[in-house]
Amino acid sequence: MDSGLEAGRLIGLDWGTSSLRGWLFDAGGRVLDRRSAPLGILTVRDGRFDEAFERLCAAWLAAHPAMPVIASGMIGSRQGWREAAYLETPAGLDALAGALRPLDDVAGRRFRIVPGLATRSASGAPDVLRGEETQVFGALCAGASIAARTDEVTRLFVLPGTHSKWVAARGTTVTGFRSWMTGELYAVLREHSILGRMFEEPADPEASGPMSAFDEGVDRALAAPGALGHLLFTVRSEGLLGERAAGHQPAYLSGLLIGAEIADALRVFVAGPPTIIAPTPIAGRYCRALSRAGVDARIADEKPAPAGLFAIALRAGLIE
């Protein structure tokens, strides 16, 4: 048996809509092995989540047939393996660990699903997230033991994506968050609206031309945050009048949407410099846009989901 697998004590899963990622941890939280596959909940047919899980983790399960598992993400949604109800904010690490949804009866082992979080705005409008809570707790672990974190400084995390999330945390408690459909709006407008008909894919999306267009979109949205509906139409009008190259229009649209999101978020959240949790290309765009709004931001050093899964499992007593 591989000596690395022999030391395994916990399997952590980040199970999303389109992909499944897994990590094998030792008793101290060190990642011994990792796996990934395009086995998101929408790609698993006929609800055969057990087969997808066993396919990804076969070697780990062979080494430790009774090893516990913790999973976060859309696997706990209504379309997933078993729904894990949303936990209301403010929600700390202890509350999250205490609200894990057991799946032991069908998984054949100690298997827990991390619940999502729910919050309400000042007007009473509801908001939800699922999966991002684990990344936030992982980021809170960075550089210090989360058990020792007692600071009362409010920290702000930005998690761009199909549905972008801004999450505020104090100590080890998520105090609130807000969502924007920025990524989904970009995809819909580009692929299914009149705006995208004149678009061309630039040879290098990060070249000076497209990025100048991105900056202009950000600046316009920051200057007139309530005018997004009008500003979106300028994507078309500038194209018709030959005032913006077709290869620069996708970046301009991206700038408008991200700029509008940032303008609203800075109105809602009062905290120190935000930490961006995202892959490099999109994290870089958010960092650039925030800089244009006069906000210094940092990009998380590494993907925090594994650290978050381990911290929650440790607090829940899954690791012996």
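Please enumerate the residues belonging to the range 88-112 that are in contact (Cβ under 8 Å) with a residue 60 or more places away in the chain, farther than 13 Å from residue 67 by Cβ and either assigned to a loop (DSSP other than H, G, I, E, B) or touching a Ser or Thr at 6+ places or on another chain (Cβ under 6 Å) (or both).
Let us first name the residues in the range 88-112 that are in contact (Cβ under 8 Å) with a residue 60 or more places away in the chain, namely 89-94, 96-98, 100, 110, 112.
From what's left, farther than 13 Å from residue 67 by Cβ: 89-94, 96-98, 100.
If the condition is that a residue be in contact (Cβ under 8 Å) with a residue 60 or more places away in the chain, farther than 13 Å from residue 67 by Cβ and either assigned to a loop (DSSP other than H, G, I, E, B) or touching a Ser or Thr at 6+ places or on another chain (Cβ under 6 Å) (or both), then 89, 90, 92, 93, 100 are the ones that fit.
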In the range 1-36, anything surrounded by fewer than 19 Cβ atoms within 10 Å (Cβ to Cβ) and closer than 23 Å to residue 163 by Cβ is listed as 17, 18, 19, 36
Inspect the range 237-245 for any residue being modelled with pLDDT of 95 or more, within 27 Å of residue 130 (Cα to Cα) and not in a loop (DSSP other than H, G, I, E, B) and give the result as yes or no.
no
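Checking the condition touching an Asp or Glu at 6+ places or on another chain (Cβ under 8 Å), within 21 Å of residue 182 (Cβ to Cβ) and charged (D, E, K, R), which residue from 236, 244 passes?
Values: 236 fails: touching an Asp or Glu at 6+ places or on another chain (Cβ under 8 Å).
Unique residue meeting the criteria: 244.
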Would you check if there is a residue in the range 56-73 being on the phi < 0 side of the Ramachandran plot, out of contact with any helix residue (DSSP H, G or I) (no Cβ under 9 Å at 6 or more places or on another chain) and crowded, with 16+ Cβ neighbours inside 10 Å?
yes
State whether one or more residues within the range 140-155 are in a strand (DSSP E or B) and in contact (Cβ under 8 Å) with a residue 40 or more places away in the chain.
yes
Checked the range 202-219 for anything within 26 Å of the chain's Cα centre (by Cα) and over 19 Å from residue 286 (Cβ atoms); matches are 204
Collect the residues in the range 159-174 that are modelled with pLDDT under 95 and either farther than 17 Å from residue 272 by Cβ or hydroxyl-bearing (Ser, Thr, Tyr) (or both), keeping them in residue-number order.
161, 162, 172, 173
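Restricting attention to strands (runs of 3 or more DSSP E) lying wholly within the range 1-58, give those where 3 or more residues are touching a residue at least 12 places away in the same chain (Cβ under 8 Å) and among the aliphatic types (A, V, I, L, M). Show your work before the answer.
Numbers: elements: 10-15, 20-25, 31-37.
Result: 10-15, 31-37.
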Failed criterion for residue 302 (all others in (1) buried (at least 16 other Cβ atoms within 10 Å of the Cβ); (2) under 18 Å from the mean Cα position of the chain (by Cα); (3) outside any helix (DSSP H, G or I) hold)
(1)
Filtered residue count, the range 170-201, keeping only those that are under 24 Å from the mean Cα position of the chain (by Cα), not β-branched (Val, Ile, Thr) and not in a helix (DSSP H, G or I):
8
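The values are calculated or read from the model by the stated rules, or taken from the named source; none is laboratory data. Nothing here was measured: the structure is a model prediction, and the numbers come from that model. Counting neighbours? That spans all protein chains shown, and the Cβs are built from the backbone with ideal geometry, glycine included.
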